[in-house]
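Student: Starting off with a structure, shown below.
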Amino acid sequence: MQNLLRFRFFSLLRRLLFPYNGEDPLSAKQGLRVILAWTLVFPLPLSLCTVAITLLAGLGTQGMLGRFIFAFLSGAFIFGMLSVLIVFMSNRAAHIRQAWKAQNGRS
C-alpha cells in the first residue's frame with residue numbers, strides 16, 4: 001500500500017514538473033506548465049527556509065518579509081530560466097530524434 005502511494009506521488013510530481021517521454025516534443029501548454037511549476041514550486045521551500053532562519057535570528061517582520069521576497073524572486077528567476085533551458089533542450093532533442101528516426105526509417 002505504501003509503495004502504491006509513493007508511486008502515485010512521484011508520478012504526479014513527474015507529470016507536473018517534467019512531462020517528457022523522450023519521443024515527442026513538449027507542446028506549448030506543457031512547456032508553459034513546466035516553466036510555471038518550476039518557477040513556483042522550487043523557490044517556495046527555499047523562501048520558507050529563509051523565513052525560519054530569519055525567525056531564529058530574531059529579526060523583525062519587515063526584515064523577514066524583505067528576505068522572503070528576495071529569496072522567492074531570486075529562486076523564481078533562477079529556476080524559471082533553468083526551466084526555459086530544459087524545455088528548449090528537451091524539445092530540440094525530441095526533434096533531432098524524430099528526424100533521425102524518419103531518416104533511418106526511409107533508408
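Student: I'd like the full set of residues that are part of a helix (DSSP H, G or I) and within 16 Å of the chain's Cα centre (by Cα), limited to segment 41-56.
Tutor: Correct list: Val41, Pro43, Leu44, Pro45, Leu46, Ser47.
Student: Taking Gln62, is it among the polar types (S, T, N, Q) and closer than 28 Å to Gln98 by Cβ?
Tutor: Here the answer is no, as Gln62 does not meet what is asked.
Student: Which of the numbered conditions does Ala71 fail, given that it passes all the others? Conditions: (1) modelled with pLDDT of 90 or more; (2) closer than 29 Å to Asn21 by Cβ.
Tutor: The number of the failed condition is (2).
Student: Of everything in segment 59-107 that's among the hydroxyl-bearing types (Ser, Thr, Tyr) and assigned to a helix (DSSP H, G or I), which residue is surrounded by the most Cβ atoms within 10 Å (Cβ to Cβ)?
Tutor: Result: Ser83.
The values are calculated or read from the model by the stated rules, or taken from the named source; none is laboratory data. It should be emphasised that the depicted structure is a prediction, and the values quoted were computed from it without experimental measurement. Note: ideal-geometry Cβ built from the backbone for every residue, glycine included; neighbour counts use all protein chains shown.
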